[in-house]
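Before any comments, here is the structure.
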Amino acid sequence: MPRLQARTTDSSKLAKLFDWLRDATPAERQTLFAGGLGWMLDAMDVMLYSLVLAYLITAFSMDTRVAGFLNSLTLVASAIGGFVFGLTADRVGRTRALMASILAYSAASAACAFSHTVPQLAVCRFALGLGMGGEWTAGAALIAETWRAEHRGRALGLMQSSYAIGEAIAALVVVVVLPHFGWRAVFLVGVLPALLVLWIRAKVPEPPIWKHRAASLNPVPRKRLLSRTILRTGALATTMNAFSLFGYWGLFTWIPAYLSAPISQGGRGISLVKTTSFFLVLCGGKWLGYASFGFFADAFGRRKPYFAYLFITAVLVPVYGVTRNEYALLLLGPLVAFFGTGSFSGYAAIASEIFPGEIRAAAMGLSYNVGRVFSAMAPFTVGALAIKYGIGSAFFLQAAAFLFAALLSLALPETRGQELA
């Protein structure tokens with residue numbers, strides 16, 4: 001009997017963790033589903049490239065520097081897309097910008113299947129990056145302005161966690177499609193997210209906050225929006241995010257190749273099937289990291305969990321880079337993924353709370369995606385270092401980037417509980 005009561009108590013505690021989701025309004029649920037699903041499918045389209053990278057290197061006779069440059073090009077484009085779609089979201093609405101960005105990255109992913117030269121592939125990856133940057137900007141602004149302040153961190157964390165699910169779906173697509181139909185068919189699957197636009201158009205409302213601003217006859221002067229305090233805090237947050245993104249993209253772009261590349265190239269020589277299995281386990285760690293961060297951010301504030309996640313990542317990454325034992329890699333992978341990705345759930349909350357509503361989407365898009373421009377150097381840099389030192393040793397640079405981002409996070413203002421306007 002006591003054991004049964006203990007189980008019941010544990011179940012009730014677990015259920016309470018999700019009370020905030022059950023109590024959400026229909027608009028809150030719809031925006032979370034739209035932003036989360038769009039981000040998940042964005043992740044799938046982006047990750048397909050990394051997962052078939054070894055085959056593209058052979059098909060296009062590329063070396064690792066060119067392969068890394070193409071991924072860097074996508075990140076540069078995402079910065080442009082984030083700002084352009086952010087301006088669009090501020091002007092014509094969050095849902096319209098979200099739909100346009102999803103259509104952009106879906107079409108570009110499918111177009112990769114018809115590439116026959118490196119320049120053609122580069123154009124397609126650039127176009128995909130435009131939509132990729134726009135989706136995060138519009139989706140994060142949509143959710144931040146719809147959800148209540150006390151649950152905003154968790155909602156944005158759950159949205160961010162869908163990225164890990166998208167990466168896992170990409171891994172499954174590659175396992176099912178690649179052996180039978182080749183890498184071109186893998187990219188064709190990337191057009192499917194376009195179907196999501198039909199549901200968003202029919203079901204997802206604009207945030208009341210945005211509607212009120214759009215109808216206002218007395219817009220706030222631009223000078224007030226770009227005050228010294230806002231610019232200083234925005235620059236600090238942007239720099240911190242840039243270093244964490246540099247660490248992320250340099251690390252996670254190359255992890256599949258790190259696991260599967262020959263030991264002579266600084267890889268671990270693991271088979272395709274095992275690499276996919278390892279990657280799926282790693283995606284589980286990513287999901288937990290993304291989702292859990294929102295709970296910590298709402299409970300303890302934005303800044304403390306941010307520092308903790310980034311600092312622990314900086315410690316774990318060098319260990320992961322020098323580990324040779326397959327079982328140790330399997331155990332370390334989810335931990336690196338948990339801490340190495342979770343902090344990004346907090347950035348959407350921080351950015352939405354430090355920028356005024358009139359420029360929120362554009363500022364969030366610019367702030368987040370300026371970091372992506374800087375991080376665009378990461379895949380290329382790791383690829384270049386890998387030629388001389390091996391992929392695992394190149395990860396030490398990423399650990400340094402995570403550490404610097406952790407130190408910068410301590411200077412951020414605390415914004416938990418702030419009501420948006």
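Scan the range 43-61 and give yes if some residue there is in contact with a Lys or Arg (Cβ under 6 Å, 6 or more places away or on another chain), open to solvent by less than 50 Å² (accessible area, probe 1.4 Å) and at pLDDT below 90, otherwise no. The answer is no, given that none of the residues of the range 43-61 is in contact with a Lys or Arg (Cβ under 6 Å, 6 or more places away or on another chain), open to solvent by less than 50 Å² (accessible area, probe 1.4 Å) and at pLDDT below 90. Looking at the range 169-180, is at least one residue touching a Cys at 6+ places or on another chain (Cβ under 6 Å), farther than 16 Å from Arg29 by Cα, surrounded by fewer than 24 Cβ atoms within 10 Å (Cβ to Cβ) and touching a residue at least 24 places away in the same chain (Cβ under 8 Å)? The answer is no, given that none of the residues of the range 169-180 is touching a Cys at 6+ places or on another chain (Cβ under 6 Å), farther than 16 Å from Arg29 by Cα, surrounded by fewer than 24 Cβ atoms within 10 Å (Cβ to Cβ) and touching a residue at least 24 places away in the same chain (Cβ under 8 Å). The residue that is farthest from Ile391 (Cα to Cα), among those in the range 281-339 that are over 20 Å from the mean Cα position of the chain (by Cα) and β-branched (Val, Ile, Thr), is Val315. Set side by side, the residues Ala107, Ala113, Ala122 differ, and just one is free of Cβ contacts under 8 Å to residues at least 60 places away in the same chain and either surrounded by 24 or more Cβ atoms within 10 Å (Cβ to Cβ) or under 17 Å from Leu48 (Cα atoms) (or both), which is Ala122. Test Ala384 against the stated conditions and say whether it is under 24 Å from Lys304 (Cα atoms), touching a Gly at 6+ places or on another chain (Cβ under 8 Å) and hydrophobic (A, V, I, L, M, F, W, C). It is false that Ala384 is under 24 Å from Lys304 (Cα atoms), touching a Gly at 6+ places or on another chain (Cβ under 8 Å) and hydrophobic (A, V, I, L, M, F, W, C). Taken as a whole, the condition of being open to solvent by 30 Å² or more (accessible area, probe 1.4 Å) and in contact (Cβ under 8 Å) with a residue 24 or more places away in the chain does not apply to Thr137. Taking the criterion of being in contact (Cβ under 8 Å) with a residue 12 or more places away in the chain, under 27 Å from Lys211 (Cα atoms) and open to solvent by 20 Å² or more (accessible area, probe 1.4 Å), the residues of the range 73-104 that qualify are Ile80, Phe83, Val84, Phe85, Leu87, Thr88, Asp90, Met99, Ala100, Leu103, Ala104. Among the residues making up the range 276-292, those that are open to solvent by less than 10 Å² (accessible area, probe 1.4 Å) and either among the charged types (D, E, K, R) or under 14 Å from Leu330 (Cα atoms) (or both) are Phe279, Leu282, Cys283, Gly285, Lys286.
Regarding Ala386, is this residue among the aliphatic types (A, V, I, L, M), part of a helix (DSSP H, G or I) and within 24 Å of Val319 (Cα to Cα)? Here the answer is yes, as Ala386 does meet what is asked. Here Ile359 meets each of (1) open to solvent by 40 Å² or more (accessible area, probe 1.4 Å); (2) over 25 Å from Ala54 (Cα atoms); (3) modelled with pLDDT under 80 with one exception, condition (1). Within the group Leu366, Leu335, Leu329, which residue is over 24 Å from Phe126 (Cβ atoms), among the aliphatic types (A, V, I, L, M), in contact with a helix residue (DSSP H, G or I) (Cβ under 9 Å, 6 or more places away or on another chain) and open to solvent by 10 Å² or more (accessible area, probe 1.4 Å)? The conditions single out Leu335.
If the condition is being buried (at least 24 other Cβ atoms within 10 Å of the Cβ) and in a helix (DSSP H, G or I), then the range 140-157 contributes Ala140, Ala141, Leu142, Ile143, Ala144, Thr146, Arg152, Gly153, Arg154, Ala155, Leu156, Gly157. Taking first residues from the range 244-262 that are outside any helix (DSSP H, G or I) and partners that are among the β-branched types (Val, Ile, Thr), the Cβ contacts under 7 Å between residues at least 6 apart in sequence or on separate chains come to Trp254/Val382; Trp254/Ile391; Ala261/Ile391.
Listed here are the residues, each with its yes/no results for (1) open to solvent by 40 Å² or more (accessible area, probe 1.4 Å); (2) at pLDDT 70 or above; (3) among the aromatic types (Phe, Trp, Tyr); (4) not in a helix (DSSP H, G or I).
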residue: Ala214; (1), (2), (3), (4): yes, yes, no, no
residue: Asn218; (1), (2), (3), (4): yes, no, no, yes
residue: Thr229; (1), (2), (3), (4): yes, yes, no, no
residue: Gly267; (1), (2), (3), (4): no, no, no, yes
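Applying the condition of being over 21 Å from the mean Cα position of the chain (by Cα) and surrounded by fewer than 22 Cβ atoms within 10 Å (Cβ to Cβ) to the range 393-406 and asking which residue is nearest to Thr239 (Cα to Cα) yields Phe396. Under 17 Å from Arg184 (Cα atoms), open to solvent by 40 Å² or more (accessible area, probe 1.4 Å) and in a helix (DSSP H, G or I): is that true of Val66 in this structure? The answer is no for Val66. Pull up the range 293-320, narrow it to residues that are of a type in the set (Gly, Ala, Ser) and open to solvent by less than 20 Å² (accessible area, probe 1.4 Å), then point me to the one that is modelled with the highest pLDDT. That would be Ala314. Can you say whether Thr323 is surrounded by fewer than 23 Cβ atoms within 10 Å (Cβ to Cβ) and hydroxyl-bearing (Ser, Thr, Tyr), as far as the supplied structure shows? Taking the combined requirement at face value, the residue satisfies it.
The values are calculated or read from the model by the stated rules, or taken from the named source; none is laboratory data. This one's a predicted model, so the numbers in the text were calculated from it and none came from an experiment. When we count neighbours, we look across all protein chains shown, and the Cβ atoms used for this are built from the backbone with ideal geometry, even at glycine. Each accessible area value is taken on the protein alone, full model and side chains, heavy atoms only, with ligands, DNA and RNA left out. Shrake-Rupley method; radii C 1.70, N 1.55, O 1.52, S 1.80 Å.
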